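Visitor: There's a structure below that I have some questions on.
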Amino acid sequence: MNLKRFLFPLAFLMPLCVSAQSITSAQIEQFKSLPKAQQEALAQQYGVDLDQISGSATQTRPKVNEQISVVEPLDKDRDEDEDDSKSSPEELAFTEKNNGLKPYGYELFEGKPSTFAPVTEIPVPTNYILGPGDELKVQLWGNENRQLSLVVSRDGTIEMPERGPVNVAGMSFEQVREEISRLVAEQYIGVKAAVSLGELRSMRVFVLGEARTPGSFSVSSLSTITNALYVSGGIRHTGSLRNIQLKRNGKVVSTLDLYDLLLKGDTSGDVRLQPGDAVFIPSVGPRVGIDGEVYRPALYEIAGATTLEELVNLAGGLTSQAYPQITRIERTNEEFLRVIAEADLTDSQGKRAKVKAGDRITVASIADVTGQYVEITGAATREGKFAWVPGMRVSSIIRNLDADLLPIADTNFAALVRTDAETHKISVLSLELKAAMANPGGAEDLVLQEKDQLMIFADEGRNELTQDEADKTTESFQRYSRRTLLAPVVKRLKAQATPLAPQQTMTISGPVRYPGEYPLPATGKVKDAIVMAGGLTDSALMFDAELARRELDSDGIEQTQLRTFSLADAMNGRVDLLLQSRDRLMIRSIPMFGATRTIKLAGEVVYPGEYTFSDGETLVDVLERAGGLTSNAFPRGAVFTRKKLRELEARRLREAEERLQGDLLGVQLEGDSFGGQTAQRVEQVQDLLDDVQSSRPVGRMVIDLASVLEDDSYQSIRLQDGDALTVPTIPQAVSVFGEVQFPTSHLHSAGLTVDDYLERSGGPTRQADENRVYVVKADGSVMLPEKSAWFGGRSQQLEPGDTIIMPIDVDRLNQLELWTNVSQIVYQMALGAAAVGNL
């Protein structure tokens, strides 16, 4: 028995050398039940690969409920961020060449094979003919419960236990089921049988021609032509969908028109395959393109003579927007020139028109509404065209200002653009929406004519939204502004102008809300022009306005004529003045309107603060209004700054920075010298440049505040807008800055000289210029202390609030005069800033 058990698998090991697919899964499982050592010995003896057996078993018997993906989509390997509709470069070029039209139907089978396993997910019909390799599963129940697995052998028989071979070749599944049930009933008493199909035989077929992946494929015995097309990845765009041939033994036994399947759902031509069959896809036949108002614009392959009506039906029929009376046919004639013809699809002759290969059919669409309408554009809730009936007014289409207009709409003015039916020229009427809605049917509620266009403008003054909402509506303001909406109207008014009918435009400037170029008001009144521009602002001068008009003199030369009139009278209709073509209206502004000039008083002032002054007031006048100085004030150290001086200092700093950068580059280009002097100079210039870049302009003007207040002969200081006065408290220190060892401030001591304070700060550094020491007094003036002829020292005594400056020795740096000036600028601004900041 053991010998039989070992030799039994050998009977089916031999076919492995030819094809692993000829072994059933039951035989492989029986072989795998042998011990591992015996499996290896048998495999080595007969030259069989054990991995091949394992792989075959895996492919033959998938896990229960496991879905095997035989074909993957073409776009599976693409990035998720890429468009799924992205085509290959060849297909994109093909589509571009055909003006964006793609061939119809090819996406149905598009994919690529992911495995060579046969397709088995196909239901088994009752008329299925059994053949070698098919597996029958027989479940016995009743007096005996058993499950049999019967495989059809090569001679077309199955081995029934205790019965022997039973011939089933050429029989249908229904016939075999009845036969087995009969045999079981005869062989066993009280036993019934349920018969089902297990593993089906696979077969090899070929998919050739214009297939996306041509070759040989293993498919189920139930497979049809479409199953073979599917596993081969589909059809290339160069292949035919209407003449797919099934060849058997070199002869065409059937053809399949996929358009019947796609458009009608007809599967009668999708016949079942047999082993060795070849599915051949020939090159595509004649194609015709159709676009426009059809439901499926595409390139269609035509079979034989095709009429225009049949082509439209292939494309899904006409849409509701189609205009079938005009169907354009673009065709290549016998001279290879593209010509255009037209057909009427509402006429029987047009429907029967034949289409040819290479034709491009375009079905026109219904044109836009051409009559019996009025239009609303701008800041309205519902823009667009509305039905017009004779006698309707503005209040007929704008019934409620809150419901029909956006919150940003200007209710004081709207423009009505009217087109003359005969000349097709436009004119512009003005109306006040608020007045029209208040009195429907009144004079302001204009009667509309056919094709009138009502323009609603945005008014920034009506922005009653929150800040977040206002930011979102900024784009709406620009979109519905007067400039945006009226620009095409003004352009058309200029284009339609003639010598007998000059352009109906005018320009308004000055303190109006929206200055610019506007259509000439139909009334010609100045008031209407100002309303069109959004109205006057509060800075408008109502006394006088100026009108500039170009007129021809007696010699035919155009001259500018100026006229001044009362704006108040014009707004009240008391001026006999009508605007004409290309007039320029200028509204004057109130001089110095809204201009407030202030000075800031800080420090030891009785009532410090920001004071407004009138023209001609002096510093003394404002100080008197502020209550004067306190008892702790130090007028000699007052810092007076001016806005214009700050701007001047800022400009000087920028110039100094630019020149220093050039000097620094020049020193670097000189290269290093003996003893590293060049490197030292570079470092010194860089430090000076850093000081310039970090300095901030102060704008200090040196004044003697005590003399300003007490000496009547002292020059008066006329104030300017942005002036500032800072009065410090009485100081007690003398400061030492610059190239000293320890720059700091010292308590003032009577009798100490400049040299004494320098000595208290550690004396000069190596870079100091001792011969150019200077003192900045508390009032900002500069004093140059002189050495005594007898003792050689600087014996001048200092006062509280004075500052000693030890400058850098620029002679050592290359005798650049610029560096000296820059050092003084930096020190002076630093002192001014410190004087203000220390208060």
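Visitor: Considering only residues of segment 287-309 that are of a type in the set (Gly, Ala, Ser) and part of a loop (DSSP other than H, G, I, E, B), which is nearest to the chain's Cα centre (by Cα)?
Guide: Ala303
Visitor: Could you please let me know if Thr377 is assigned to a strand (DSSP E or B) and under 30 Å from Leu311 (Cβ atoms)?
Guide: So Thr377 does not fit the description; no.
Visitor: Next question. Given the conditions (1) small (Gly, Ala, Ser); (2) surrounded by 18 or more Cβ atoms within 10 Å (Cβ to Cβ); (3) under 15 Å from Gly276 (Cα atoms), report the number of the one that Gly215 does not fulfil.
Guide: Among (1) small (Gly, Ala, Ser); (2) surrounded by 18 or more Cβ atoms within 10 Å (Cβ to Cβ); (3) under 15 Å from Gly276 (Cα atoms), Gly215 violates only (2).
Visitor: Also: Scan segment 506-525 residue by residue and report those that are under 16 Å from Leu486 (Cα atoms) and among the hydrophobic types (A, V, I, L, M, F, W, C).
Guide: Met506, Ile508, Leu520, Ala522
Visitor: Working carefully through the options Ser240, Ser223, find the one that is in contact (Cβ under 8 Å) with a residue 60 or more places away in the chain and farther than 19 Å from Gly285 by Cα.
Guide: Only one candidate qualifies: Ser223.
Visitor: Then there is this: Which of the numbered conditions does Arg393 fail, given that it passes all the others? Conditions: (1) without any contact (Cβ under 8 Å) to a residue 40 or more places away in the chain; (2) more than 38 Å from the chain's Cα centre (by Cα).
Guide: It is condition (1) that Arg393 fails.
Visitor: Looking at segment 257-286 only, could you name the residues that are more than 45 Å from the chain's Cα centre (by Cα) and either among the acidic types (Asp, Glu) or over 23 Å from Ser202 (Cβ atoms) (or both)?
Guide: Selection gives Asp257, Asp266, Ser268, Gly269, Asp270, Asp277, Pro282.
Visitor: Only one of Arg399, Arg338 is open to solvent by 50 Å² or more (accessible area, probe 1.4 Å), over 27 Å from Glu475 (Cα atoms) and not hydrophobic (A, V, I, L, M, F, W, C); which?
Guide: When all the criteria are applied, what remains is Arg338.
Visitor: Give the residue that is nearest to Gly603 (Cα to Cα), with candidates limited to residues of segment 715-740 that are touching a Pro at 6+ places or on another chain (Cβ under 8 Å) and open to solvent by 70 Å² or more (accessible area, probe 1.4 Å).
Guide: Top of the filtered list is Ile730.
Visitor: A further question follows. Checking Ala403 against (1) part of a strand (DSSP E or B); (2) of a type outside the set (D, E, K, R); (3) over 20 Å from Leu485 (Cα atoms), which test does it fail?
Guide: Among (1) part of a strand (DSSP E or B); (2) of a type outside the set (D, E, K, R); (3) over 20 Å from Leu485 (Cα atoms), Ala403 violates only (1).
Visitor: Another question, if that's okay. Ala778 fails exactly one of the following numbered conditions: (1) buried (at least 20 other Cβ atoms within 10 Å of the Cβ); (2) among the hydrophobic types (A, V, I, L, M, F, W, C); (3) modelled with pLDDT under 65; (4) part of a loop (DSSP other than H, G, I, E, B). What is the number of that condition?
Guide: Going through the list (1) buried (at least 20 other Cβ atoms within 10 Å of the Cβ); (2) among the hydrophobic types (A, V, I, L, M, F, W, C); (3) modelled with pLDDT under 65; (4) part of a loop (DSSP other than H, G, I, E, B), Ala778 breaks only (3).
Visitor: A further question follows. Any residue that is in contact with a Pro (Cβ under 9 Å, 6 or more places away or on another chain) and either in a strand (DSSP E or B) or at pLDDT below 90 (or both) - is there at least one of those in segment 408-417?
Guide: yes
Visitor: Filter segment 244-266 for residues that are of a type in the set (A, V, I, L, M) and in contact with a Lys or Arg (Cβ under 8 Å, 6 or more places away or on another chain); which is nearest to Ile302 (Cα to Cα)?
Guide: By that ranking, first place goes to Leu258.
Visitor: Which one of Lys425, Lys434 is more than 19 Å from Pro519 (Cβ to Cβ) and within 42 Å of the chain's Cα centre (by Cα)?
Guide: Selected residue: Lys434, the only one of Lys425, Lys434 that is more than 19 Å from Pro519 (Cβ to Cβ) and within 42 Å of the chain's Cα centre (by Cα).
Visitor: Ok, one more. Hey, among Leu183, Leu229, which residue is aliphatic (A, V, I, L, M), touching a strand residue (DSSP E or B) at 6+ places or on another chain (Cβ under 9 Å) and either modelled with pLDDT of 90 or more or surrounded by 18 or more Cβ atoms within 10 Å (Cβ to Cβ) (or both)?
Guide: Of Leu183, Leu229, the one residue that is aliphatic (A, V, I, L, M), touching a strand residue (DSSP E or B) at 6+ places or on another chain (Cβ under 9 Å) and either modelled with pLDDT of 90 or more or surrounded by 18 or more Cβ atoms within 10 Å (Cβ to Cβ) (or both) is Leu229.
Visitor: Just checking, does segment 117-137 include any residue being more than 27 Å from Ser218 (Cα to Cα), modelled with pLDDT of 85 or more and open to solvent by 40 Å² or more (accessible area, probe 1.4 Å)?
Guide: no
Visitor: Report those strands (runs of 3 or more DSSP E) wholly inside segment 506-594 carrying at least 1 residues which are free of Cβ contacts under 8 Å to residues at least 60 places away in the same chain and of a type in the set (Val, Ile, Thr).
Guide: 558-565
Visitor: Take segment 315-342 and flag every residue that is under 13 Å from Ile361 (Cβ atoms) and either among the basic types (Lys, Arg) or in contact with a Lys or Arg (Cβ under 8 Å, 6 or more places away or on another chain) (or both).
Guide: If the condition is that a residue be under 13 Å from Ile361 (Cβ atoms) and either among the basic types (Lys, Arg) or in contact with a Lys or Arg (Cβ under 8 Å, 6 or more places away or on another chain) (or both), then Ala315, Arg328, Ile329, Glu330, Arg331, Ile340, Ala341, Glu342 are the ones that fit.
Visitor: Moving on. Output the number of residues of segment 310-329 satisfying the condition of being in a helix (DSSP H, G or I) and open to solvent by less than 80 Å² (accessible area, probe 1.4 Å).
Guide: 3
Visitor: Please work out which residue is most open to solvent (accessible area, probe 1.4 Å), limiting yourself to segment 291-309 and to residues that are farther than 18 Å from Ile326 by Cβ and charged (D, E, K, R).
Guide: Arg296
Visitor: For segment 381-390, name all the residues that are under 19 Å from Pro440 (Cα atoms) and in contact (Cβ under 8 Å) with a residue 24 or more places away in the chain.
Guide: Of everything in segment 381-390, just one residue is under 19 Å from Pro440 (Cα atoms) and in contact (Cβ under 8 Å) with a residue 24 or more places away in the chain, namely Trp388.
Visitor: Quick one: would you say Thr419 is in contact with a strand residue (DSSP E or B) (Cβ under 8 Å, 6 or more places away or on another chain) and farther than 11 Å from Ile456 by Cα?
Guide: Against the criterion (in contact with a strand residue (DSSP E or B) (Cβ under 8 Å, 6 or more places away or on another chain) and farther than 11 Å from Ile456 by Cα), Thr419 qualifies.
Visitor: Still on this structure, please answer the following. Tell me, which residue of segment 567-603 that is more than 44 Å from the chain's Cα centre (by Cα), open to solvent by 90 Å² or more (accessible area, probe 1.4 Å) and basic (Lys, Arg) is nearest to Lys527 (Cα to Cα)?
Guide: Arg574
Visitor: For segment 458-497, enumerate the residues that are surrounded by 13 or more Cβ atoms within 10 Å (Cβ to Cβ), of a type in the set (S, T, N, Q) and modelled with pLDDT of 85 or more.
Guide: The answer is Ser481, Thr484, Gln496.
Visitor: Could you count how many residues in segment 160-180 are open to solvent by 40 Å² or more (accessible area, probe 1.4 Å) and outside any strand (DSSP E or B)?
Guide: Number satisfying all stated conditions: 10.
The values are calculated or read from the model by the stated rules, or taken from the named source; none is laboratory data. As the structure is a computational prediction, the values presented were derived from the model and not from experiment. In this analysis, Cβ positions are derived from the backbone assuming ideal geometry, glycine residues included, and neighbour counts consider all displayed protein chains. Ligands, DNA and RNA are stripped out before the accessible areas are found, and what is left, the full protein with its side chains, is counted by its heavy atoms. Shrake-Rupley method; radii C 1.70, N 1.55, O 1.52, S 1.80 Å.
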